[in-house]
Each structure stands twice: as structure tokens, then as C-alpha cells.
Amino acid sequence: MTERTLRVLEFTKIREQLTSHTITDMGAELAAALIPDADLGLVSQALQETEEAYVVLSHHGGHPLIPCADVRRQLKLAEIGSTLSPRALLDVAGLMRASRVARDTLVTERENTPQLTALASRLSTHHRLESDIVAAILSEEEIADHASKELADIRRHIRQCNSRVRDKLNSMIHSSTFQKYLQETIITIRSDRFVLPVKQEYRANVPGLIHDQSTTGATLFVEPMAVVEINNDLKQWIAKEKAEIERILLAFSAEIAPLSDQLAANQDILARLDFAFAKAALSRAMFGVLPRVNDRGFIKIVRGRHPLLDPDTVVPSDLWMGDVFTSLVITGPNTGGKTVTLKTVGLFTLMAQAGLHVPADLGTELAVFDEVFADIGDEQSIEQSLSTFSSHMKNIVDILQRITPNSLALFDELGAGTDPTEGAALAQAVLGTLLEMKARTVATTHYSELKEYALTTPGVENASVEFNVETLRPTYRLSIGIPGKSNAFEISQRLGLPDMIIDKARELLSHDQIRFEDVIANAEYHRQVARRERELAEEGRQEIIRLREEAEAQRKKLEESREQAIRKAKEEARRILEKARGESEAIVSELKRMKKDGMATPEHEVQKLKQRLQQGLGEVQDALAQPVQRVTAPPRDLKPGDTVRLVHLGNDATVLVAPNSKGEVQVQAGVMKMKVHISQLELRKEEKPKERAHIRSMVDVQHRAVAQEIDLRGMALDEALGEVDKFLDNAVLSALSIVHVIHGKGTGTLRAGMQNHLKKHPHVKSYRLGKYGEGEEGVTVVTLR
């Protein structure tokens, strides 16, 4: 691609935006040097790299890399044996840290980023050396004491010398006899040695070395002889400190030297990663998508938006070409968006071939061309005596000399700037030549001859940009298949040009020209009406979808509320039942304890225990008698004998008494009778009992209602045993599991004989005496096999 094409289509501005998203100087260099590629494989690879970086950015949230300095110069110095400065060593350590962080972040089990993972896998890490440098060098001016044992020892001696000098000088300046010799009672430094400010007239009274004097000569900075030796020692230790620091820096530089190639490779990889994530960040900023690419010259842009226009106001455009037709002629009024559309096609192509996402919707597909040519804008040259037409024609000549069948040519106002008749003829000839070559061509024009040419020539298609004559504003919508109308008369009339002049202008047009423009206007009017109707229909469809989704969400919410209410009520009912069961068991245990101890139970104790039991059962009754909210309607027309389900308890029961005026129903669940509100019931559908092939009986058990208990009180033992046998047979045939035999307490004869009989009975699995509330010793509870 020529630099002129990149500049005309404003690809250079895209590069500037891309550069602003980099975090390293090396990444910025790659972004600034980006140019489109003409190889389909390389373009696909670059686009996939951008897509992978976009995935990582979305998953990571922030930028996965950390900034690092360009250390290529420092690495070369280390390689030739130079000693690196503390700043240079810290920069190299920063490169090591950036490499380690990038590798840890990108080399994962993630399967949708193979290119970035492979690239980051090539990063070498040097954690020990990185840690040593950072620990030893605190800043570019300060080396840590623990950088070496020798340095720590040297600095300990330096601190001791400093302390000795200061102690000696402090004792001197605080001496009453010595203070009169001093200009000020302070300790200062001259030539890296501790000195005192002595008055000129007392020079002889302070023996020592003079290192400096004030500008007036009234003050001499004297190093007293008493501290000269200590200062000499201090200077020696300071020289040793400097030498040790040089040795430490040289040692680190020597360690870096053999790693320079690896670190330089890390620098290049980090620059490439920074460049990839800059492409992803640019895509996120412009709401870009990954376009499909092909080498067939097919272009399909779905709701494309020029990336340099305000995303809040830009009007998306749909455009396609390259399959049925290879040339597209765009017409319409000035400022209608023709040039923007032309630049969008060219810029999208350049961006895709450079590996960048494009601001469009999914489904966008772009072609990879070997060259993109653009003749856009007025580049007349005064120096070269070139007019607007000459300048355009010079570009067109250059394009025709270099274009190939796999090129894209973009022309703005083709043939303009000269006689309209000749210009239109030249434009048709140029389009015809490119059509024969099968090069992809997009041209904008005002010429009616080119509209007719596109209508009558296979492989060429018309397109137009809309313009609202009433508001004198373009809508910027592109329509393919319909030529545009210049609207010159309508615009002039709206701007106040007298009707008389407009009518005269119309008379100067030929009948065919007027008819052609009318046909275009009529087609455009009906197209806009159809588009508005489609938009209204789409809005209606979206509204129906929205209402349906809201209804479904409301239904789910009600269902969840119902289930939550049922779950809560079940938990409350179970809690109350457990409490009542616990109370009953405690009461029974208390009565048994009293009986075992031979204690006579006072009447008031019996009444107290009975009240506790009634209170527990009352809570159950109250909980079940409360109405609850439910989505489905409660059962109607309940009658005695109906089987219902207690919703909150999950048990079946039999209706004993029809609902009263309050909606309360008396039911029996097992041996417990209770009142339940109708809202807590569900009517159970009658199921036909399954026939059991291995049971044969002369009795029609399918229609017999078998009781769950038998009352033997008042019967003789022989008679009672016969009745129990019949009762147990019917209970087994009815698939009952537990039954109650009521024999009363009495003398215990009937109970003992009955239990001896039950021990040998083939239908009996086990039996026990009843608990409190079940009849106690007057009832035997039998579990059937």
C-alpha cells in the first residue's frame, strides 16, 4: 500500500489511536510502523492474534502486562563488559519482572488463545537475579547495606567514624572557652571533611587545616587537628564504599552479559504482546468485531461505522459487493455521506489487512487485496500547475497503470472538474475498463449518465445516500440497488430560490431526464416507506417479545414465590409436629415413670399433662387451618370420602366433613383427625388399584373399604381370634402396612390371648402396645408383612 493511500483513507490516524493504547516504547514502535499485509494467511493470523488478546482482556479485566523500559542499549553495554548504572540494572530487572508476569498470566490451560500462549511460552524468567537486583539497589542513587557483607561492614565503619568526628567537634563547640573563636556553633562540611566556622582573628587559637573561607574572608572553615586523623580514616572508608559499590554493579552486569540474548528476545516478545493487546484495546474502544476475510474480492459490511466519527452520532451502513457485481456507483446530494461511505470501505479493508478489528456487527466479511487505490479529495498543485481535474486525472492514470484484478479502486466524484458531458464519458470509460479487469471498484458521482450506466450494465450496481428534503439534512443511510437523486431543485426551493427560476430550470431539462429523475424519486419514496414500515413491524415484534419475556419472568417469579411459601409452611408444620410429638413422648415417659415408681398420679397433674398435649395439637391445628397463597385454585366441591393431599405436609388424608363457611375441612390422616383450610389441600385423582396376580380370593377386595382398626371389646377370645384373622386377611389384600387391634384393658385375658395368636400369625411382622394417644395398653399396634 502506498503512503498516499494510507494518508487519504486516514489509516495513519488509526495508527495514532493504536499507539496510544500501548504501554511500552517498543510496542509503540510496532504500532506506529503498522502497514496492511496482502497475504491472506498472514492477515488471518494477525486477526486471530487480535481476537485472542481481546479474549484475554475480557477475561482478565485489566491489562495483563506491566510496563517496562527499553533496555536494548543497556544489554549491548553489558555484553561488551561495561558496568551498568543502578538505573540501568533496575530497568533490566523491570524487564525480567515484566517477562515473568506475562508468562504467568498467559501460559495457562486456556485453549482459546493458542497464539498468545505459544508466544508467552518463549519468555525466559530469571527470578533469582531479578530479586537480587531489586533487593540490592533501592534506587538509582542508593545501594542497600545488605548488597554485600563487605559493603555492610564498610558502612558500619563509616557510621563509627562519623560518630567519633561529631562527638569530638561537639565537645569543642560546647566548650565555653572555645565558643568565642567560632563564627557559629555549628559543624559543617567542606571538601567532604568535617570543619568548624572559625573567626579570622582567632585563626592562631584553632590549630588545624583550612579548607575554605567565606566570601568576606571573615570566616575560615578549619578542620581541627584533633579530628584530622579521624577524617582521614572516614575518607578512606568512603573510598572503599565507592569501590565496593562499583564491584557490586560490575558483578550484576557480568551476570546479565551472558543472558543478553535471552533478555533481548524477551524484549521483542513483550513488544509483540503489547502490540497485540493494544489492538484488542482499540477494538474494545471502537466496539469492533473480528471480520471474516477472503481472497475472492467479496465485501460485506454489516452496520459498519466509520471509526473516526463520533460513535454516538454516526449512522451505521450496510454494504456488499464482489459477488453479483464488482463495481458500485454511489450517487446522492452533497454532504450526504458518499465520501464517508467510500472511505469506510477503504479504511475497513486496510484495518482488516493490518490485523485490526473493524467497528461493525458480526457477519462482516472483507476481502484481502494486493493493493488499495484511492482518488479522494482535491489535491491540486499550484507548483505543478495542476488543476483539480488534472490532479484527479494524474491519480487515475497512475491507478490504471498499476491496478490488477485483485485490487480495490476507490474514486470520489469520478470525472468531475471538467465539462460534464466529457467527464461523464471519461468516467464510463474508466469504469468499463476496470469492469473488464474484474477489479473491485467503488465510485461516487453526480452524473445521471453513470446512474443509467449502472442500471444497464451487468456487473455494475447503483447505490444512493438518503437526503431529507424537508429538513435539508442527510440521513446518511446507504441503499444499494437504487440510484440517488441530486435534489438540487428541492434544496434550492427550500433555501428560498424563486419558483420562477426553478421552473425555468426544469424547462431546460429534457423530457427523458425529467422522467428518469421522477422514476428515481418515486422508487426512493416507496423504498423509504417500505423501510419505515419494516422498522415499525420490527418495533412491534420486539415489543411482543419483550411482553412475552416479562410475562414469563412474572410466571417464574410467582412459581418461585409459591414454592418458597410451600417450603416455608412445610418447615413450620414439621417444626410444630416435631414439637407436639416431643411433648407427647415426654408426657408418656412421665406417666410411665410415675406408674413404675408406684406413684398415684394426682388429678391436677393429669390435667396439666393433658393441657400440654392439647396445646401442641392445637398449634398443629392452627397452622393447618390458616389459608395460604397459591398459584393454582383450591379444590372445589369436596365431599366426605374424597382423598386429598396435605400440601404442606406431603401426606394423604380422607375428607370426613365437607368445607364450612370459613373454608375449613375436617380430614383424617392415619389415626389423626384435624381441621385444615381448603387452600392447603389438593384433590387426589382416583387411581385404579393394580391387580395382584398372585392373590386370588372369593371376595371382591377392589371395592371393599377396609378399616385400619378392629374393635374386639366385649367378645370372647375364640370369637375375637376369628374376627382378627378375617381383619388381617383383608388388610393384607388391601396393602395396609399398620393396623390397630382394640381389645381394651380389662383383666388382660383378651390382650394376652390375642398377642399369643399374633406371634404365630403368618401376616404379622411385629406388634406392640399403643403409646399415649393411641390407646396405650388397650390397643395393640400390628405391623404387617
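The values are calculated or read from the model by the stated rules, or taken from the named source; none is laboratory data. A quick note: this is a predicted structure, and the numbers were derived from the prediction, not measured. A quick note on method: Cβ atoms are made from the backbone with ideal geometry, for glycine too, and the neighbour counts reach across all protein chains shown. Just so you know, the surface numbers come from the protein's heavy atoms only, side chains and all, with ligands and any DNA or RNA stripped out. Shrake-Rupley method; radii C 1.70, N 1.55, O 1.52, S 1.80 Å.
Quick notes on this one:
- Yes/no for Leu169 being at negative phi, at pLDDT 90 or above and not hydroxyl-bearing (Ser, Thr, Tyr): no
- Answer residue from segment 295-304, given it is open to solvent by 10 Å² or more (accessible area, probe 1.4 Å) and not β-branched (Val, Ile, Thr) and is nearest to Pro359 (Cα to Cα) among those: Arg303
- Verdict on Leu736 being open to solvent by 30 Å² or more (accessible area, probe 1.4 Å) and touching a strand residue (DSSP E or B) at 6+ places or on another chain (Cβ under 7 Å): yes
- Scanning segment 225-244 for residues that are touching a residue at least 40 places away in the same chain (Cβ under 8 Å) and not small (Gly, Ala, Ser) yields Val227, Ile230, Asn231, Asp233, Leu234, Lys235, Trp237, Ile238, Lys240, Glu241, Glu244.
- Contacts under 9 angstrom Cβ, first residue in segment 65-80 being within 13 Å of Asp274 (Cβ to Cβ) and modelled with pLDDT of 90 or more, partner buried (at least 16 other Cβ atoms within 10 Å of the Cβ) and among the hydroxyl-bearing types (Ser, Thr, Tyr), 6 or more apart: Leu65/Thr24; Leu65/Thr105; Pro67/Thr24; Cys68/Thr24; Cys68/Ser99; Ala69/Thr24; Asp70/Thr24
- Boolean, Thr105 is β-branched (Val, Ile, Thr), touching a residue at least 12 places away in the same chain (Cβ under 8 Å), outside any helix (DSSP H, G or I) and within 28 Å of Arg73 (Cα to Cα): no
- Scanning segment 200-216 for residues that are open to solvent by 20 Å² or more (accessible area, probe 1.4 Å) and touching a helix residue (DSSP H, G or I) at 6+ places or on another chain (Cβ under 6 Å) gives Tyr202, Asn205, Pro207.
- One residue stands out in segment 305-331 among those that are touching a Phe, Trp or Tyr at 6+ places or on another chain (Cβ under 6 Å) and surrounded by 17 or more Cβ atoms within 10 Å (Cβ to Cβ): the one that is nearest to Glu449 (Cα to Cα), namely Gly322.
- For segment 9-98, the helices (runs of 4 or more DSSP H) that sit wholly inside it and include 2 or more residues that are open to solvent by 20 Å² or more (accessible area, probe 1.4 Å) and either closer than 30 Å to Phe411 by Cβ or hydroxyl-bearing (Ser, Thr, Tyr) (or both) are 11-20, 40-60.
- Among the residues of segment 155-201, those that are closer than 18 Å to Gln213 by Cβ and hydrophobic (A, V, I, L, M, F, W, C) comprise Leu182, Ile186, Ile187, Ile189, Phe194, Val195, Leu196, Val198.
- Filter pass, Thr185 being at pLDDT below 85 and touching a helix residue (DSSP H, G or I) at 6+ places or on another chain (Cβ under 9 Å): yes
- Residue count for segment 335-346, restricted to those that are surrounded by fewer than 24 Cβ atoms within 10 Å (Cβ to Cβ) and in contact with a His (Cβ under 8 Å, 6 or more places away or on another chain): 2
- Qualifying residue in segment 22-41 (condition: in contact with a His (Cβ under 7 Å, 6 or more places away or on another chain) and either under 18 Å from Gly288 (Cα atoms) or β-branched (Val, Ile, Thr) (or both)): yes
- Candidates are the residues of segment 127-179 that are touching a residue at least 60 places away in the same chain (Cβ under 8 Å) and acidic (Asp, Glu); the one that is nearest to Thr83 (Cα to Cα) is Asp132.
- Taking segment 108-128 as the range and being part of a helix (DSSP H, G or I) and open to solvent by less than 10 Å² (accessible area, probe 1.4 Å) as the test, the residues that pass are Leu116, Ala120.
- Options Thr418, Thr445: the member that is among the β-branched types (Val, Ile, Thr) and within 50 Å of the chain's Cα centre (by Cα): Thr445
- Within segment 217-227, being under 21 Å from Arg164 (Cα atoms) and surrounded by fewer than 14 Cβ atoms within 10 Å (Cβ to Cβ) holds for one residue alone: Met225.
- Evaluation of Arg684 against (1) modelled with pLDDT under 80; (2) farther than 21 Å from Ala707 by Cβ; (3) surrounded by 13 or more Cβ atoms within 10 Å (Cβ to Cβ) (one fails), failing number: (2)
- Pair list, Cβ < 6 Å and 6+ apart or interchain, from segment 492-509 residues that are open to solvent by 90 Å² or more (accessible area, probe 1.4 Å) and modelled with pLDDT of 80 or more to residues that are small (Gly, Ala, Ser) and assigned to a loop (DSSP other than H, G, I, E, B): none
- Considering each residue of segment 754-771 in turn, at least one proves to be in contact (Cβ under 8 Å) with a residue 60 or more places away in the chain, out of contact with any Gly (no Cβ under 6 Å at 6 or more places or on another chain), in a loop (DSSP other than H, G, I, E, B) and open to solvent by 50 Å² or more (accessible area, probe 1.4 Å).
- Check on Ile158, surrounded by 15 or more Cβ atoms within 10 Å (Cβ to Cβ) and closer than 26 Å to Ala264 by Cα: no
- Residue match in segment 271-285 (condition: in contact (Cβ under 8 Å) with a residue 24 or more places away in the chain, assigned to a loop (DSSP other than H, G, I, E, B) and crowded, with 18+ Cβ neighbours inside 10 Å): no
- Note on segment 245-264: residues that are out of contact with any Leu (no Cβ under 8 Å at 6 or more places or on another chain), touching a residue at least 40 places away in the same chain (Cβ under 8 Å) and open to solvent by less than 50 Å² (accessible area, probe 1.4 Å) amount to 1.
- Residues that are in a loop (DSSP other than H, G, I, E, B), modelled with pLDDT of 90 or more and surrounded by 14 or more Cβ atoms within 10 Å (Cβ to Cβ), drawn from segment 361-404: Asp361, Thr364, Val368, Phe369, Asp370, Ile403
- Listed by first and then second residue, the pairs with beta-carbon distance under 7 Å, at least 6 apart or on different chains, first residue in segment 29-48 and over 12 Å from Thr349 (Cα atoms), second aromatic (Phe, Trp, Tyr) and buried (at least 16 other Cβ atoms within 10 Å of the Cβ), are Leu30/Phe275; Ala31/Phe275.
- Qualifying residue in segment 228-239 (condition: open to solvent by 50 Å² or more (accessible area, probe 1.4 Å), touching a strand residue (DSSP E or B) at 6+ places or on another chain (Cβ under 9 Å) and not in a helix (DSSP H, G or I)): no
- Counted residues, segment 56-67 - those being closer than 19 Å to Glu109 by Cβ, of a type in the set (A, V, I, L, M) and out of contact with any Leu (no Cβ under 9 Å at 6 or more places or on another chain): 1
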